[in-house]
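These notes concern the structure reproduced below.
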Amino acid sequence: MKNELYAVAAIVDSVAATVRRWGPARPVTKTALMPALAVATPPRDPGMAVGLAGSWAGDIALLGDSDKAFRAGLFSFLAAHLGYTAALARQSTPGSRKAVLPIVAVASAGAVVFARAAGPLGKPVGLYALTLGTMVAAASTARGTGSKRVFVGAALFAVSDALLGASRFVLKGRAARVASAGVMPTYAAAQWLLHTGFSASDG
């Protein structure tokens, strides 16, 4: 039942992010996401707790649309990914790091592209992209019952943030709106997969 409540919150917020007349509900729906996930899957690892708290702070910051709000959200999620990376590194095993270099290489290329497109926000955006890539790389080394969920969740996080960056800095008009519509569904799925996968592997 607790997972279902998170799913409902995620669906409602994804619709509210896309349908203009639902927009006024977002301070409630978006702010409720991470607390609902914490109830569904209480974090037992300090790093996962930091990830959850940083994500919640980032969700709240990104309710605003200014560069200041975006920067606050960026650094909140950067802290979240540092927490996730630390937690996932503790689940890694020797010989499980074959994908690390390719993932970091792709993340580095993405960091350069988005940093150039972000203008005055280029440096923090580039730093964030590298940190996110490090988290995805750490997820590729995780082992345990939920390791596949963990990696898919990390990859979806990267997809969600790529859509956000593209809609804000690269695309215009209809293309930007289509990309923006994909941000919250992929983000909500990413968080659920990361936390339930980690919990299954940690148990």
Margin query: With the structure loaded, tell me whether ASP45 is more than 23 Å from LEU164 (Cβ to Cβ), among the acidic types (Asp, Glu) and touching a residue at least 12 places away in the same chain (Cβ under 8 Å) or whether it fails that test.
Written below: yes
Item checked: Residue among LEU163, LEU194 that is touching a Gly at 6+ places or on another chain (Cβ under 6 Å), in a helix (DSSP H, G or I) and over 25 Å from ASN3 (Cα atoms) -> LEU163
Note to self: I'm trying to understand the selection: among the residues of segment 101-159, which are crowded, with 20+ Cβ neighbours inside 10 Å and not in a helix (DSSP H, G or I)?
What the structure shows: ALA118, ALA142, GLY146
Margin query: Residue pairs, Cβ under 9 Å, 6 or more apart or interchain, first in segment 166-188 and buried (at least 18 other Cβ atoms within 10 Å of the Cβ), second in a loop (DSSP other than H, G, I, E, B). List them.
Written below: SER167/GLY182; ARG168/ALA118; PHE169/ALA118; ALA179/LEU171
Next item on the list: Would you be able to tell me the number of residues in segment 26-73 that are more than 15 Å from the chain's Cα centre (by Cα) and of a type in the set (Val, Ile, Thr)?
Entry: 4
Next item on the list: Examine segment 50-57 for a residue that is of a type in the set (Phe, Trp, Tyr), in contact with a Gly (Cβ under 7 Å, 6 or more places away or on another chain), modelled with pLDDT of 95 or more and within 24 Å of ARG177 (Cα to Cα), and state whether such a residue exists.
Entry: no
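The values are calculated or read from the model by the stated rules, or taken from the named source; none is laboratory data. This structure is a prediction, so every number in the text was calculated from the model and none was measured. No Cβ is skipped: glycine too gets one built from the backbone with ideal geometry, and neighbour counts run over all protein chains shown.
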